[in-house]
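Okay, structure first, notes after.
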Amino acid sequence: MVNRQYLEMLGHKSVIRELSEYATARAKEIGAENIYDFSLGNPSVPAPEAFKEALIRITKETDPLQLHGYSPTVGNPVVKKRIADSLNRRFQMDYGPQHIFPVSGATGAIAHAVRAVSEPGEEVIVFAPFFPEYIPYINGTGAQIRIIPASFEDFQIRFDLLEEAISEKTAAVLVNSPNNPSGVVCSEKTLERLAALLRKKSAELGRNIFLISDEPYREIVFDHKTVPYPASFYEHTLTCYSFSKALSIPGERFGYVAVNPQAEHAEDLVAMFGQISRGIGHNCPSSLIQLAVSETLEETADLSVYETNMNLLYDCFKELGFEVIRPDGTFYIMPKALPEADGLSDSIAFCRKALQHDLVFVPADGFGAPGYFRVAYCVETQVVERAIPVLRRFVEEEYKGV
Ligand SMILES: Cc1ncc(COP(=O)(O)O)c(C=O)c1O
């Protein structure tokens, strides 16, 4: 007999993956240059040369028994120290290596963070719009996801709803800035208010609510903006970072959890993550990747293409009359679908019609933003340039006169 829960999950495949598979199949039929695939958040620029050079140098120069041997469960101490030093310098924090847990990307980071601060049945609060994989990431731990509807005028937090939602069941609140799918960064004002509310509620409940901050897009920001660092606003913060997007190495599976040194049980949490790893069959990331990344911590891939693409798409959506918020970062933009004949936005109908023009957009209903759609512009700029006239034609043919 197989496990029923996982068997049932096969019936709820990710819409993003399905659309991406469709785009790949369609590209084989009509040629890759004729399909405009904006479905998947897969980086479109190569990892920096410095990363490749570090990989080669470390492989050549390190004793193979040491390099390819088991890494400590809670990570290579040299790597942990380099990550801590870099975070301290960039964000004026006070991390030691004992606060850093190397892990397999943000996915692994969230899996450990949620388990460490919740009991089965407790809630982790998430703000729409949100990355739909949070549902299996959180529910798979035994905790329950609780979704706070979006504030559609600015995609910051609806504090009235958050205040109502926090209860004795709340273990943690999860923020994602810059945000997938809206591209919006949590402002300092939002983080200050959030910290004040979490402190107040923690005092009322007599136990600390943790903040889990998912930051895989921290380095992808536009217009020279800076991204406020959530852990510097609230002491009980677990920062979940991934090198997938900024270094363009999603296949290498590497990130970390950084435990704020002021957090409750700050000195125990990394050791607890080690115990969680044993239970879920996670092993410390590859020693070679840990070392190579630790030598290129402050490098990024050439991320400029994302800002170029964002500007082209944002201007085009505005010109065509879409309601859309200019992203602060990431490689996503989330406009509202144009209204149908009944005057209402229907993102599923919109994306279905776009697909007939070989424009692959993802309805954002599953991201908690019904009526909106996500465009992942991690593609070459020439794809965006070729897509724009197709988008204009699609809107002209399907929505003019509606
Ligand atoms: C918001 C968000 N969190 C987490 C992840 C998982 O990233 P990783 O590749 O580091 O596991 C993604 C990936 O797209 C994401 O968009």
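No value in this document is a laboratory result; all are computed from the given coordinates. Computed from a prediction, not measured in an experiment: that's the story for all the values here. Methodologically, a virtual Cβ is constructed for each residue, glycine included, from the backbone with ideal geometry; neighbour enumeration extends over all protein chains shown.
Between 0 and 90 degrees, the angle of helix 105-117 with respect to the longest Cα principal axis of the chain falls at about 60 degrees.
For the chain, the longest principal axis of the C-alpha atoms and the axis of helix 49-61 are separated by about 40°. Among 375, 383, 360, the ranking by other beta carbons within 10 Å of each residue's beta carbon, starting with the fewest, stands as 383, 360, 375. Our compactness index for the range 202-303, the C-alpha radius of gyration over the empirical 2.2 N^0.38 Å, is 1.22. Applying the criteria of a DSSP loop state and at most 13 other Cβ atoms within 10 Å to the trypsin sites (Lys or Arg not before Pro) of the range 339-400 yields 400.
Just to be sure I understand: if I project the alpha-carbon convex hull of the range 49-294 onto a plane and average over all orientations, what area do I get in nm²?
13.1
Using θ = phi - 60° in the Karplus curve 6.51 cos²θ - 1.76 cosθ + 1.60, the 3J(HN,Hα) couplings for the range 324-334 round to 7, 9, 5, x, 7, x, 6, 10, 10, 9, 10 Hz; x is entered for Gly and Pro.
Report the FRET efficiency, 1/(1 + (r/R0)^6), for residue 192 and residue 42, where r is their Cβ-Cβ distance and R0 is 41 Å, rounded to 0.05.
Details: r = 34 Å, r/R0 = 0.84.
The calculated FRET efficiency here is 0.75.
Could you tell me the relative contact order of the range 262-365? Use alpha-carbon pairs under 8 Å, at least six residues apart, and round to a whole percent.
It rounds to 12 percent for the range 262-365.
If you keep only loop residues by DSSP, which GluC sites (Glu not before Pro) in the range 330-402 have at most 16 other Cβ atoms within 10 Å of their Cβ? Don't jump to the answer; show the numbers that get you there.
Numbers: sites: 340, 380, 385, 396, 397, 398; in loops: 340, 380.
When the GluC sites (Glu not before Pro) of the range 330-402 are filtered for loop state and at most 16 Cβ neighbours within 10 Å, 340, 380 remain.
Modelled this way, with points 7 Å down the Cα-to-C-beta line, the labels at residue 390 and residue 81 are 5.2 nm from one another.
How far, in nm, would the chain grow between residue 6 and residue 154 when pulled straight, counting 0.36 nm per residue and subtracting the alpha carbon separation?
49.6 nm
Taking every alpha-carbon pair in the range 1-49 and binning the separations at 10 Å intervals from zero gives 21, 32, 26, 17, 4 percent.
Distances between placed amide hydrogens fall under 5 Å for residue 143 paired with 121, all partners being 5 or more residues away or on another chain.
How much length is gained if the chain between residue 25 and residue 88 is pulled fully straight, taking 0.36 nm per residue apart and subtracting their Cα-Cα distance, in nm to one decimal? Spell out each step's value before the answer.
Details: separation 63, 0.36 × 63 = 22.68 nm, distance 4.62 nm.
Result: 18.1 nm gained on full extension.
For residue 329, the residues whose amide H sits under 5 Å from its own are 222, ignoring neighbours fewer than 5 places away on the same chain, with H placed 1.01 Å from N. The label-point distance for residue 167 and residue 147, in a model that sets each label 7 Å from Cα toward Cβ, rounds to 1.8 nm.
Backbone geometry of the range 351-359 corresponds, through the Karplus equation with coefficients 6.51, -1.76 and 1.60 at θ = phi - 60°, to 3J(HN,Hα) couplings of 5, 5, 5, 4, 4, 5, 9, 6, 9 Hz, x marking Gly and Pro. Each Cα pair under 8 Å and six or more residues apart adds its sequence gap; the mean of these over the residue count of the chain is a relative contact order of 23 percent. Using just its DSSP H runs of length 4 or more, each adding -39500 (n - 2.57), the chain gives a mean residue ellipticity at 222 nm of -13000 deg cm²/dmol after division by all residues.
Close Lys pairs in the range 49-294, defined as Cα atoms under 29 Å apart and 8 or more places apart or on different chains, number 20.
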